[in-house]
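Since every read-out is calculated from the coordinates, none of them should be taken as a lab result. It should be emphasised that the depicted structure is a prediction, and the values quoted were computed from it without experimental measurement. Heads up, the Cβs are rebuilt from the backbone with ideal geometry, glycines too, and the neighbour counts pull from every protein chain shown.
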Amino acid sequence: MSKDFLALLKEKGAYLEGHFKLSSGLHSGAYVQCARVLQYPDVAYDLGAYLGEQFKGNRIDVVLSPALGGILIGHEVARELGCRCVFGERENDSMKLRRGFEIYEGEHCLIVEDVITTGKATREMWDIVVNNKGTVAGVGCIVNRSEGFSVSVPLFHIVRLKIENYQPEQCPMCQKNEPITSPGSRWGKK
């Protein structure tokens with residue numbers, strides 16, 4: 001699936017090359033915009049089914065995803081698993097459950113994202129689960145581009161991409177004065 005999916009990312013214009021400021025603040029020469037693939041309901045359904053299938057043997061009561069990028073894939077994974085789907089939203093620089101969403105004590109939660117780069121959003125979702133006395137049962141994502149990010153539960157990705165990230169002061173594209181784009185959902189709010 002991973003080689004086919006990488007081809008799909010490129011075909012749908014979801015694998016972008018250039019100079020990007022990621023939501024983490026890091027810079028990169030490539031960006032994966034999963035929304036470009038998830039805009040097709042049949043593709044979103046298939047990806048959610050494939051990702052959800054990886055966790056079928058585990059107890060999962062609820063899927064928790066970070067807004068904005070994780071909502072669609074989280075919903076499709078929850079459909080496959082036959083459970084609820086909720087999402088966390090950023091409010092005053094921290095992730096929170098809003099809209100009446102709850103993680104109930106003792107629930108087993110699957111955290112689902114579109115792309116994991118540094119793992120920050122995953123850790124924030126994890127904290128929401130723990131603070132509500134739930135249990136994190138696993139983590140799933142479409143694209144894992146992290147270096148060294150690990151968790152103590154099953155972690156499954158559809159595709160793993162090795163894409164270099166740079167601190168801004170060490171970014172070769174910045175040193176060449178190349179224009180930068182900030183496509184992540186966090187940057188439009190500042």
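How much length, in nm to one decimal, is gained on full extension between GLN167 and LYS120, taken as 0.36 nm per residue of separation minus their Cα-Cα distance? Write out the running numbers ahead of the final one.
Values: separation 47, 0.36 × 47 = 16.92 nm, distance 1.57 nm.
Roughly 15.4 nm would be gained on extension.
I want to verify a result. In a Gaussian network model of the chain, Cα cutoff 10 Å, which of these has the top mean-square fluctuation: ASN165, ASN132, ASN144?
Highest fluctuation among the options: ASN132.
Counting alpha carbon pairs within less than 8 Å and at least 6 residues apart, what relative contact order, in whole percent, applies to the chain? Walk me through the intermediate numbers first.
Numbers: 367 pairs, mean separation 46.7, N = 190.
Relative contact order comes out at 25 percent.
Report the label-to-label distance for GLN175 and SER150 in nanometres (one decimal), using points 7 Å from each Cα along the Cα→Cβ vector.
3.1 nm
Mind checking the dipole of segment 2-189: about its Cα centre, +1 per Lys or Arg Cβ, -1 per Asp or Glu Cβ, Debye to the nearest 20? Intermediate values should be presented prior to the final figure.
Details: 22 positive and 23 negative charges, 39 e Å.
For segment 2-189, the charge dipole is close to 180 debye.
For the chain, which cysteines have no disulfide-compatible partner, meaning no other cysteine Cβ under 4.7 Å?
CYS34, CYS83, CYS85, CYS109, CYS141, each lacking another Cys Cβ under 4.7 Å.
Please state, as a whole number in µm²/s, the translational diffusion coefficient that the Stokes-Einstein equation yields for the chain at 10 °C and 1.306 mPa s, with Rh defined as the Kirkwood radius across alpha carbon pairs. Spell out each step's value before the answer.
On the way: Rh = 16.9 Å.
Rounded to a whole number, D works out at 94 µm²/s.
Beyond 23 Å between alpha-carbons counts as too far, so tell me which of LYS12/LYS96; LYS96/LYS133; LYS133/LYS162 fall in that bin. Display every interim value, and only then the final one.
Details: LYS12/LYS96 32 Å; LYS96/LYS133 15 Å; LYS133/LYS162 35 Å.
Listed pairs above 23 Å: LYS12/LYS96; LYS133/LYS162.
Where in segment 107-140 are there trypsin sites (Lys or Arg not before Pro) that are in a DSSP coil and have at most 12 other Cβ atoms within 10 angstrom of their Cβ? Please report the intermediate quantities before stating the final value.
Values: sites: LYS120, ARG123, LYS133; in loops: LYS133.
Sites meeting the loop and neighbour criteria: LYS133.
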